[in-house]
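Have a look at the structure below, then the notes.
The values are calculated or read from the model by the stated rules, or taken from the named source; none is laboratory data. Just so you know, these numbers come straight off a predicted model, no measurement behind them. Positions of Cβ are generated from backbone atoms using ideal geometry, with glycine treated the same way; all protein chains shown enter the neighbour counts. Calculation scope for accessible area: heavy atoms of the full protein, side chains included, ligands and nucleic acids excluded. Shrake-Rupley method; radii C 1.70, N 1.55, O 1.52, S 1.80 Å.
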Amino acid sequence: MTEIIRTAEALREKVAGWKRSGMLVGVVPTMGALHEGHLSLARAARAQSDRVIVTVFVNPMQFNNASDLETYPRSEAQDLALLEAEGVDVLFAPGVDEVYPEGFATTVSVSGITEPLEGAFRPGHFDGMATVCTKLFGMTQAGRAFFGEKDWQQLQVVQRFVRDLNIPVRIIGCPTIREEDGLAMSSRNLLLGPTDRALAPLLHREMQAAATQLRAGAQAQPVLDEAKATLLAAGFRDIDYFELRSVDGLRPASDLSQPVRLLAALWLGDVRLIDNIAV
Ligand code: AMP
(Lines give C-alpha, C1' and ligand atoms only; values in the text may rest on other atoms or scores of the structure.)
Protein backbone atom coordinates (compact mmCIF):
# COMPACT_ATOMS: atom_id res chain seq x y z
CA MET A 1 0.00 0.00 0.00
CA THR A 2 1.23 3.47 -0.83
CA GLU A 3 0.52 5.83 2.04
CA ILE A 4 -0.34 9.46 1.28
CA ILE A 5 1.35 11.90 3.65
CA ARG A 6 0.64 15.61 3.51
CA THR A 7 2.61 17.19 6.35
CA ALA A 8 6.33 17.47 7.00
CA GLU A 9 5.76 16.38 10.59
CA ALA A 10 3.99 13.14 9.68
CA LEU A 11 6.67 12.44 7.10
CA ARG A 12 9.42 13.01 9.66
CA GLU A 13 7.83 10.45 12.00
CA LYS A 14 7.52 7.89 9.24
CA VAL A 15 11.12 8.40 8.09
CA ALA A 16 12.46 8.35 11.66
CA GLY A 17 11.03 4.83 12.08
CA TRP A 18 12.72 3.68 8.88
CA LYS A 19 16.02 5.25 9.87
CA ARG A 20 15.95 3.53 13.27
CA SER A 21 15.90 0.25 11.36
CA GLY A 22 18.89 1.39 9.30
CA MET A 23 16.96 1.77 6.07
CA LEU A 24 18.16 3.81 3.09
CA VAL A 25 15.49 6.20 1.84
CA GLY A 26 15.18 7.11 -1.86
CA VAL A 27 13.16 10.09 -3.07
CA VAL A 28 11.76 11.00 -6.48
CA PRO A 29 10.67 14.66 -6.59
CA THR A 30 7.92 15.33 -9.16
CA MET A 31 5.10 17.71 -10.00
CA GLY A 32 2.65 14.86 -10.58
CA ALA A 33 0.60 13.95 -13.67
CA LEU A 34 2.87 10.93 -13.58
CA HIS A 35 3.94 9.08 -16.71
CA GLU A 36 6.42 6.32 -17.61
CA GLY A 37 9.34 8.78 -17.23
CA HIS A 38 8.48 9.39 -13.58
CA LEU A 39 7.78 5.69 -13.04
CA SER A 40 11.21 4.78 -14.39
CA LEU A 41 12.68 6.98 -11.64
CA ALA A 42 10.47 5.27 -9.04
CA ARG A 43 11.73 1.89 -10.29
CA ALA A 44 15.36 3.03 -10.06
CA ALA A 45 14.65 4.25 -6.52
CA ARG A 46 12.96 0.96 -5.63
CA ALA A 47 16.03 -0.95 -6.89
CA GLN A 48 18.55 1.25 -5.07
CA SER A 49 16.85 2.07 -1.75
CA ASP A 50 15.01 0.27 1.06
CA ARG A 51 12.09 2.71 1.15
CA VAL A 52 10.81 4.99 -1.61
CA ILE A 53 9.08 8.35 -1.33
CA VAL A 54 7.66 10.02 -4.43
CA THR A 55 6.83 13.66 -3.85
CA VAL A 56 4.12 15.40 -5.85
CA PHE A 57 4.11 19.15 -5.47
CA VAL A 58 3.31 21.67 -8.19
CA ASN A 59 5.74 24.25 -6.89
CA PRO A 60 4.43 27.78 -7.52
CA MET A 61 7.88 29.22 -6.80
CA GLN A 62 9.41 27.62 -9.90
CA PHE A 63 6.74 28.82 -12.34
CA ASN A 64 7.56 32.09 -14.04
CA ASN A 65 4.23 32.13 -15.86
CA ALA A 66 0.86 32.25 -14.08
CA SER A 67 -1.13 30.50 -16.82
CA ASP A 68 1.45 27.69 -17.00
CA LEU A 69 0.93 27.12 -13.26
CA GLU A 70 -2.84 27.24 -13.66
CA THR A 71 -3.03 24.82 -16.58
CA TYR A 72 -0.37 22.41 -15.25
CA PRO A 73 -2.04 18.95 -15.28
CA ARG A 74 -3.01 17.42 -11.91
CA SER A 75 -4.24 13.87 -11.37
CA GLU A 76 -3.59 12.73 -7.81
CA ALA A 77 -5.90 9.68 -7.74
CA GLN A 78 -4.33 8.29 -10.90
CA ASP A 79 -0.83 9.12 -9.64
CA LEU A 80 -1.52 7.19 -6.46
CA ALA A 81 -2.70 4.12 -8.40
CA LEU A 82 0.45 4.20 -10.57
CA LEU A 83 2.70 4.48 -7.51
CA GLU A 84 0.87 1.62 -5.79
CA ALA A 85 1.64 -0.58 -8.79
CA GLU A 86 5.33 0.32 -8.48
CA GLY A 87 5.49 -0.56 -4.79
CA VAL A 88 6.24 3.01 -3.71
CA ASP A 89 5.97 3.37 0.08
CA VAL A 90 4.89 6.98 0.44
CA LEU A 91 3.32 9.60 -1.78
CA PHE A 92 4.25 12.90 -0.14
CA ALA A 93 1.80 15.52 -1.41
CA PRO A 94 1.98 18.63 0.75
CA GLY A 95 -0.17 21.71 0.15
CA VAL A 96 1.37 25.05 -0.77
CA ASP A 97 0.90 26.37 2.80
CA GLU A 98 2.74 23.37 4.22
CA VAL A 99 5.76 24.03 2.01
CA TYR A 100 5.67 27.83 2.19
CA PRO A 101 4.11 28.77 5.52
CA GLU A 102 3.48 32.37 6.50
CA GLY A 103 6.79 34.18 6.86
CA PHE A 104 8.79 31.90 4.57
CA ALA A 105 11.82 33.95 3.50
CA THR A 106 14.63 31.77 2.18
CA THR A 107 15.80 31.18 -1.38
CA VAL A 108 18.46 28.77 -2.61
CA SER A 109 20.06 30.49 -5.58
CA VAL A 110 22.74 28.85 -7.71
CA SER A 111 24.86 31.06 -9.95
CA GLY A 112 26.71 30.26 -13.18
CA ILE A 113 25.18 27.08 -14.47
CA THR A 114 21.63 28.43 -13.97
CA GLU A 115 22.19 31.43 -16.21
CA PRO A 116 21.93 30.11 -19.82
CA LEU A 117 19.19 28.02 -21.47
CA GLU A 118 16.20 27.52 -19.11
CA GLY A 119 17.57 30.18 -16.77
CA ALA A 120 17.60 32.77 -19.55
CA PHE A 121 14.03 32.03 -20.63
CA ARG A 122 12.44 31.22 -17.25
CA PRO A 123 13.65 33.84 -14.78
CA GLY A 124 13.42 32.59 -11.19
CA HIS A 125 12.71 29.01 -12.26
CA PHE A 126 15.91 27.50 -10.88
CA ASP A 127 15.70 29.47 -7.62
CA GLY A 128 12.26 27.96 -7.08
CA MET A 129 13.40 24.47 -8.06
CA ALA A 130 16.56 24.58 -5.91
CA THR A 131 14.65 25.95 -2.93
CA VAL A 132 11.92 23.33 -3.05
CA CYS A 133 14.39 20.46 -3.64
CA THR A 134 16.48 21.61 -0.67
CA LYS A 135 13.31 21.54 1.44
CA LEU A 136 12.29 18.13 0.09
CA PHE A 137 15.73 16.71 0.88
CA GLY A 138 15.40 18.07 4.40
CA MET A 139 11.86 16.79 4.86
CA THR A 140 12.48 13.31 3.42
CA GLN A 141 16.02 12.83 4.83
CA ALA A 142 16.65 10.79 1.69
CA GLY A 143 20.09 9.27 1.07
CA ARG A 144 19.42 9.05 -2.67
CA ALA A 145 17.42 11.26 -4.99
CA PHE A 146 16.49 10.34 -8.55
CA PHE A 147 16.22 12.89 -11.36
CA GLY A 148 15.65 12.54 -15.11
CA GLU A 149 18.17 13.51 -17.76
CA LYS A 150 15.16 14.92 -19.61
CA ASP A 151 15.80 18.06 -17.54
CA TRP A 152 19.55 18.01 -18.07
CA GLN A 153 20.27 21.49 -16.78
CA GLN A 154 18.12 20.88 -13.70
CA LEU A 155 20.14 17.73 -12.96
CA GLN A 156 23.37 19.75 -13.15
CA VAL A 157 21.94 22.47 -10.91
CA VAL A 158 20.83 19.94 -8.28
CA GLN A 159 24.25 18.30 -8.29
CA ARG A 160 25.85 21.73 -7.86
CA PHE A 161 23.87 22.91 -4.81
CA VAL A 162 23.94 19.50 -3.12
CA ARG A 163 27.74 19.63 -3.30
CA ASP A 164 27.91 23.32 -2.38
CA LEU A 165 25.62 22.98 0.64
CA ASN A 166 26.94 19.58 1.83
CA ILE A 167 23.47 18.06 1.65
CA PRO A 168 23.87 14.35 2.50
CA VAL A 169 22.04 12.96 -0.52
CA ARG A 170 23.42 11.19 -3.57
CA ILE A 171 21.91 12.47 -6.82
CA ILE A 172 21.24 9.81 -9.44
CA GLY A 173 20.51 10.81 -13.05
CA CYS A 174 18.26 8.47 -15.08
CA PRO A 175 17.79 8.29 -18.88
CA THR A 176 14.98 10.08 -20.71
CA ILE A 177 11.98 7.88 -21.43
CA ARG A 178 10.31 8.50 -24.79
CA GLU A 179 7.05 7.68 -26.54
CA GLU A 180 7.35 5.18 -29.39
CA ASP A 181 7.55 8.06 -31.86
CA GLY A 182 10.53 9.56 -29.99
CA LEU A 183 8.76 12.39 -28.16
CA ALA A 184 10.23 12.74 -24.66
CA MET A 185 7.51 11.95 -22.13
CA SER A 186 6.32 15.03 -20.26
CA SER A 187 3.27 15.95 -18.21
CA ARG A 188 2.87 18.95 -20.54
CA ASN A 189 2.36 16.62 -23.54
CA LEU A 190 -1.20 16.20 -22.21
CA LEU A 191 -1.83 19.81 -23.17
CA LEU A 192 -1.01 19.27 -26.86
CA GLY A 193 -3.96 19.18 -29.27
CA PRO A 194 -4.00 16.37 -31.87
CA THR A 195 -2.29 18.40 -34.63
CA ASP A 196 0.53 19.58 -32.36
CA ARG A 197 0.87 16.13 -30.81
CA ALA A 198 1.40 14.69 -34.30
CA LEU A 199 4.05 17.35 -35.02
CA ALA A 200 5.88 17.09 -31.68
CA PRO A 201 8.08 14.03 -32.45
CA LEU A 202 9.76 16.02 -35.23
CA LEU A 203 11.77 17.75 -32.51
CA HIS A 204 13.55 14.56 -31.47
CA ARG A 205 13.95 13.46 -35.11
CA GLU A 206 15.62 16.76 -36.02
CA MET A 207 17.84 16.60 -32.93
CA GLN A 208 18.96 13.10 -33.82
CA ALA A 209 19.57 14.06 -37.46
CA ALA A 210 21.64 17.05 -36.34
CA ALA A 211 23.65 14.90 -33.91
CA THR A 212 24.33 12.36 -36.66
CA GLN A 213 25.64 15.08 -38.99
CA LEU A 214 27.79 16.57 -36.23
CA ARG A 215 29.29 13.19 -35.42
CA ALA A 216 30.13 12.79 -39.11
CA GLY A 217 32.17 15.99 -38.89
CA ALA A 218 29.75 18.64 -40.22
CA GLN A 219 30.18 22.23 -39.03
CA ALA A 220 27.86 22.93 -36.11
CA GLN A 221 26.23 26.26 -36.96
CA PRO A 222 24.85 25.38 -40.41
CA VAL A 223 23.52 22.07 -39.07
CA LEU A 224 21.73 23.76 -36.16
CA ASP A 225 20.39 26.55 -38.40
CA GLU A 226 18.97 24.04 -40.87
CA ALA A 227 17.27 22.00 -38.13
CA LYS A 228 15.71 25.14 -36.65
CA ALA A 229 14.46 26.26 -40.08
CA THR A 230 12.89 22.84 -40.63
CA LEU A 231 11.12 22.93 -37.26
CA LEU A 232 9.74 26.44 -37.80
CA ALA A 233 8.61 25.59 -41.34
CA ALA A 234 6.83 22.48 -40.03
CA GLY A 235 4.76 24.52 -37.56
CA PHE A 236 6.70 25.03 -34.34
CA ARG A 237 5.81 28.54 -33.24
CA ASP A 238 9.04 29.69 -31.66
CA ILE A 239 12.46 28.38 -30.63
CA ASP A 240 13.88 29.51 -27.31
CA TYR A 241 17.14 27.65 -27.92
CA PHE A 242 18.51 24.79 -29.97
CA GLU A 243 22.20 24.62 -29.21
CA LEU A 244 25.29 22.66 -28.29
CA ARG A 245 26.71 22.90 -24.78
CA SER A 246 29.55 21.18 -22.96
CA VAL A 247 28.37 18.27 -20.82
CA ASP A 248 30.32 19.70 -17.91
CA GLY A 249 29.32 23.22 -16.95
CA LEU A 250 27.00 23.78 -19.94
CA ARG A 251 29.45 26.14 -21.63
CA PRO A 252 28.73 27.14 -25.25
CA ALA A 253 30.31 24.62 -27.61
CA SER A 254 30.90 25.02 -31.33
CA ASP A 255 32.46 21.64 -32.09
CA LEU A 256 32.93 18.15 -30.70
CA SER A 257 36.41 18.69 -29.24
CA GLN A 258 34.82 17.99 -25.83
CA PRO A 259 31.76 15.91 -24.80
CA VAL A 260 28.69 17.96 -25.76
CA ARG A 261 24.91 17.76 -25.57
CA LEU A 262 22.35 19.21 -27.88
CA LEU A 263 19.68 21.01 -25.85
CA ALA A 264 16.43 22.50 -27.13
CA ALA A 265 13.34 24.36 -25.97
CA LEU A 266 10.55 25.09 -28.44
CA TRP A 267 6.98 26.29 -28.45
CA LEU A 268 4.25 24.29 -30.09
CA GLY A 269 1.25 26.61 -29.79
CA ASP A 270 1.07 27.49 -26.09
CA VAL A 271 2.99 24.44 -24.94
CA ARG A 272 6.72 24.61 -24.32
CA LEU A 273 8.68 21.41 -25.03
CA ILE A 274 12.25 20.75 -23.91
CA ASP A 275 14.56 17.93 -24.84
CA ASN A 276 18.27 17.11 -24.96
CA ILE A 277 20.48 14.34 -26.31
CA ALA A 278 24.12 13.35 -26.06
CA VAL A 279 26.13 14.15 -29.16
P1 AMP B 1 8.45 16.92 -13.35
O2 AMP B 1 7.26 16.25 -12.77
O3 AMP B 1 8.29 17.29 -14.79
O4 AMP B 1 8.97 18.04 -12.50
O5 AMP B 1 9.59 15.83 -13.39
C6 AMP B 1 9.96 15.13 -12.21
C7 AMP B 1 11.17 14.32 -12.50
O8 AMP B 1 10.89 13.39 -13.54
C9 AMP B 1 12.38 15.14 -12.97
O10 AMP B 1 13.57 14.60 -12.42
C11 AMP B 1 12.34 14.95 -14.46
O12 AMP B 1 13.60 15.09 -15.08
C13 AMP B 1 11.86 13.52 -14.55
N14 AMP B 1 11.29 13.25 -15.86
C15 AMP B 1 10.31 13.95 -16.49
N16 AMP B 1 10.07 13.44 -17.70
C17 AMP B 1 10.93 12.40 -17.87
C18 AMP B 1 11.20 11.47 -18.92
N19 AMP B 1 10.52 11.52 -20.07
N20 AMP B 1 12.16 10.54 -18.73
C21 AMP B 1 12.86 10.49 -17.57
N22 AMP B 1 12.66 11.34 -16.53
C23 AMP B 1 11.71 12.28 -16.68
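Count of the stretch 97-141 residues, restricted to those that are out of contact with any Phe, Trp or Tyr (no Cβ under 8 Å at 6 or more places or on another chain) and β-branched (V, I, T), is 4.
Sort out which residues of the stretch 68-97 are in a helix (DSSP H, G or I) and surrounded by fewer than 16 Cβ atoms within 10 Å (Cβ to Cβ), and write them in order of number. Before you say what the answer is, go through the steps one by one.
Within the stretch 68-97, the subset in a helix (DSSP H, G or I) is 68-71, 76-85, 96-97.
Passing the criteria: D68, L69, E70, T71, E76, A77, Q78, A81, E84, A85, V96, D97.
So, in the stretch 223-257, how many residues would count as being in contact with a strand residue (DSSP E or B) (Cβ under 6 Å, 6 or more places away or on another chain) and more than 21 Å from G119 (Cβ to Cβ)? Total meeting the criteria: 2. Of all residues in the stretch 12-27, at least one satisfies being crowded, with 19+ Cβ neighbours inside 10 Å and under 18 Å from the mean Cα position of the chain (by Cα).
Within the option set V271, V247, V260, being more than 18 Å from the chain's Cα centre (by Cα) and hydrophobic (A, V, I, L, M, F, W, C) holds for one residue only, V260.
Within the stretch 141-159, residues that are among the polar types (S, T, N, Q) reach partners that are near the ligand (Cβ under 7 Å from one of its atoms) with beta carbons closer than 8 Å, at six or more positions or on different chains, in the pairs Q154/F147.
For A93, the conditions (1) farther than 30 Å from A264 by Cα; (2) more than 13 Å from the ligand (Cβ to nearest atom) all hold with the exception of (2). Only one entry of G128, G148, G138 meets the criterion of being within 26 Å of R43 (Cβ to Cβ) and within 13 Å of the ligand (Cβ to nearest atom), and that entry is G148.
With respect to (1) within 14 Å of the ligand (Cβ to nearest atom); (2) open to solvent by less than 70 Å² (accessible area, probe 1.4 Å); (3) within 18 Å of the chain's Cα centre (by Cα), the lone exception for N65 is condition (1). Any residue at all in the stretch 153-174 that is within 19 Å of Y72 (Cβ to Cβ) and within 11 Å of the ligand (Cβ to nearest atom)? Yes.
When restricted to residues that are away from the ligand (no atom under 12 Å from the Cβ) and touching a helix residue (DSSP H, G or I) at 6+ places or on another chain (Cβ under 9 Å), the stretch 177-210 contains 12.
Between a residue in the stretch 52-68 that is among the aromatic types (F, W, Y) and any residue that is assigned to a loop (DSSP other than H, G, I, E, B), which pairs come within a Cβ distance under 9 Å, given they are 6 or more apart or on different chains? That search, which allows pairs on different chains as well, returns F57/M31; F57/G32; F57/A93; F57/P94; F57/G95; F63/Y72; F63/R122; F63/G124. The set of residues in the stretch 77-92 being closer than 24 Å to G17 by Cα and under 19 Å from the mean Cα position of the chain (by Cα) consists of L83, L91, F92.
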